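Asker: Take this structure, written in structure tokens, and hold onto it; I'll ask about it next.
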Amino acid sequence: MNHNVLLSCLLVLASVGCSSPSAPAVAADTPTASTRIVPLPQSLDMRSGELRLSGAVRLEMDADAPHARRALEEALAGIGIAIDDAAPTDVRLQRVDDAALGEEGYRLVVAERIELSARTDIGLLHAVQSLRQLLPVQVQGGVRLPHLEIVDAPAYPWRGLSLDVARSFLSVDYLEKTIDRMAFFKLNRLHLHLTDDQGWRIEIKAYPKLTDIGGASAVEGGRSGFYTQDELRHLVAYAQARGITIVPEVDLPGHTQAALASYNELACDDVENLAPYSGLEVGFSVLCLDKPDVVYPFVRAVLEEVLAIFPSQEIHVGGDEIDHPLYADFVSRAAAMVEGMGRTAIFWEEGSVAVTGPNVIYQFWNDGYDISAAVERGHPLILSPCSYLYIDHGNYAGQPQTYDWCRKEGVPLARVYGFDPTPFKTALGIEAALWTELVHTDEAADNRLWPRLAAAAEVAWSPADQRGYEGFVQRMGALRAHLDAMGIRYHREQDLGWDGE
Ligand code: TNX
């Protein structure tokens, strides 16, 4: 989807939000089974009566929604609800032609039967996730669901996690788990930071030493490794089946020590330090922009392979923390190259100094950075202000193995939740960012991601004037058993009452 489509679907959703007659906003946001939904739905209408499920249901499914079918079947099987044509209760999953629901919206009705409807397979996937949150994690004997109607759609089309697999490698298995968990909270973008000074993690067939040499290093104490193209294609399909687009980032022209160590000719001739790097400091490495005949064929060959793996319309080219006279020229050329290949480039905020086409997306990360000129030029933004969304910072002040350069009190759950994207007029949405200089195990990654990523999901999905931290805390607190069932080793957040044992 290009950003014009994204923006116009935002407009459609905004107008739906203003005039949804049958669906009042959630009035009492209490933590009963009926409302323990995160992110908060746009509207939830409680009805009188309840539906009793005996432990078996009959499924009626639209063949045109293969991903939602699989998700629903898995969800029911996972909690011990059998599928049986003779069962008394129907669960109906159907695609409907209701323009008001947009690309990702859905309707979920619990009455004599359970009805999930949406225009798209992705909308139905979101309906399945809401149903999972309403149901307990284990059904013994039976379950009662209150009659209700949810009509729901996201405030922002871009709801993401930026995950650094370059400093410290994360396995395919861990990424699959993370994708499943993101989908549970209706997140839809996984931005993989695939290259940096400390490691190059994506196989590029034209430059095999990038992974032979660049894939073998990591930040000190971190894990090394790389993904083959087949593994990445598998991940793309795995994510797609769960409503998530993987957005690749190859960070250029700085943060490239792993590339320079692999192919020394990419560095300027006077550069002496060409060894693999495992430190924490950044900002010293750069492709030799004075050798365009070497650098740009490299950039093109890498991007061609990246694009062949990742169908994402948006491709991240990095561009952070570089001070070089030819930096803006690099951004202009790389943006044009990506556009020439039929895709849309994303750069970190610094790239906004360059002259590019208006579709180029900038990712805002320093709270104090003045991004207003780019907004005035109409550039779409992805919002990742570090003092709200850098979840390599502590869950609490002084948490060991976390950064605090952006905010010395850390970035606790309430802080993440407090981010208001609405002043950024061209925002596509938000991304929480997990950098991994200090995250060297899956357990540490879980601890940094959860529950804060759920707060980020609500910031991006639920309109700012409908949501509130108190309601979030109650609903999220009530989802603890679901997180346990998914095997998440979350931070035992005090605000959620999870620090008791
Ligand atoms: C800044 S955010 C960086 C990363 C670091 C991160 C640590 C950005 C574009 N650059 O290289 O990992 O801070 O918090």
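Asker: Only one of these is of a type in the set (A, V, I, L, M), within 16 Å of the ligand (Cβ to nearest atom) and closer than 16 Å to His324 by Cβ: Val286, Val299, Val294. Name it.
Answerer: Val286
Asker: Go through (1) touching a residue at least 24 places away in the same chain (Cβ under 8 Å); (2) away from the ligand (no atom under 16 Å from the Cβ); (3) hydrophobic (A, V, I, L, M, F, W, C); (4) in a helix (DSSP H, G or I) one by one and return the number of the condition Ala336 breaks.
Answerer: Exception for Ala336: condition (1).
Asker: Moving to a separate point now. What residue, among those in the stretch 364-395 that are aromatic (Phe, Trp, Tyr) and more than 14 Å from Phe347 (Cβ to Cβ), is farthest from the ligand (Cβ to nearest atom)?
Answerer: Across the stretch 364-395, the extreme among qualifying residues is Tyr388.
Asker: Would you pick out the residues in the stretch 396-423 that are within 12 Å of the ligand (Cβ to nearest atom) and either over 26 Å from Val473 (Cα atoms) or not in a loop (DSSP other than H, G, I, E, B) (or both)?
Answerer: Of everything in the stretch 396-423, those that are within 12 Å of the ligand (Cβ to nearest atom) and either over 26 Å from Val473 (Cα atoms) or not in a loop (DSSP other than H, G, I, E, B) (or both) turn out to be Tyr403, Trp405.
Asker: Only one residue in Leu280, Leu307 is more than 16 Å from the ligand (Cβ to nearest atom) and on the phi < 0 side of the Ramachandran plot, so which one is that?
Answerer: Being more than 16 Å from the ligand (Cβ to nearest atom) and on the phi < 0 side of the Ramachandran plot holds for just one of Leu280, Leu307, which is Leu307.
Asker: Condition first: within 17 Å of the chain's Cα centre (by Cα) and within 16 Å of the ligand (Cβ to nearest atom). Now tell me which residues in the stretch 424-440 satisfy that.
Answerer: Ile430, Glu431, Ala432, Ala433, Leu434, Trp435, Thr436
Here's the yes/no breakdown for (1) buried (at least 20 other Cβ atoms within 10 Å of the Cβ); (2) part of a strand (DSSP E or B):
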site	(1), (2)
Ile37	yes, no
Ala63	no, no
Gln94	no, yes
Asp97	no, no
Glu104	yes, no
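Asker: With the requirement that a residue be more than 16 Å from the ligand (Cβ to nearest atom), of a type outside the set (A, V, I, L, M, F, W, C) and either assigned to a loop (DSSP other than H, G, I, E, B) or in contact with a Cys (Cβ under 6 Å, 6 or more places away or on another chain) (or both), what does the stretch 125-170 give you?
Answerer: Pro136, Gln138, Gln140, Gly141, Gly142, Pro154, Tyr156, Pro157
Asker: Out of the helices (runs of 4 or more DSSP H) lying entirely within the stretch 424-501, which hold 3 or more residues that are aliphatic (A, V, I, L, M) and farther than 16 Å from Leu389 by Cα?
Answerer: 480-485
Asker: Assuming Ser352 fulfils every condition listed in (1) over 24 Å from Ile309 (Cα atoms); (2) in a strand (DSSP E or B); (3) hydroxyl-bearing (Ser, Thr, Tyr) apart from one, which condition is it?
Answerer: (2)
Asker: With the structure loaded, tell me whether Asp446 is away from the ligand (no atom under 16 Å from the Cβ) and touching a His at 6+ places or on another chain (Cβ under 9 Å) or whether it fails that test.
Answerer: The answer is yes for Asp446.
All of the numbers you see were taken from the coordinates with simple rules; none came from a lab. Everything quoted here is computed from the prediction, not taken from an experiment. Backbone-built Cβ (ideal geometry, glycine too); neighbour counts: all protein chains shown.
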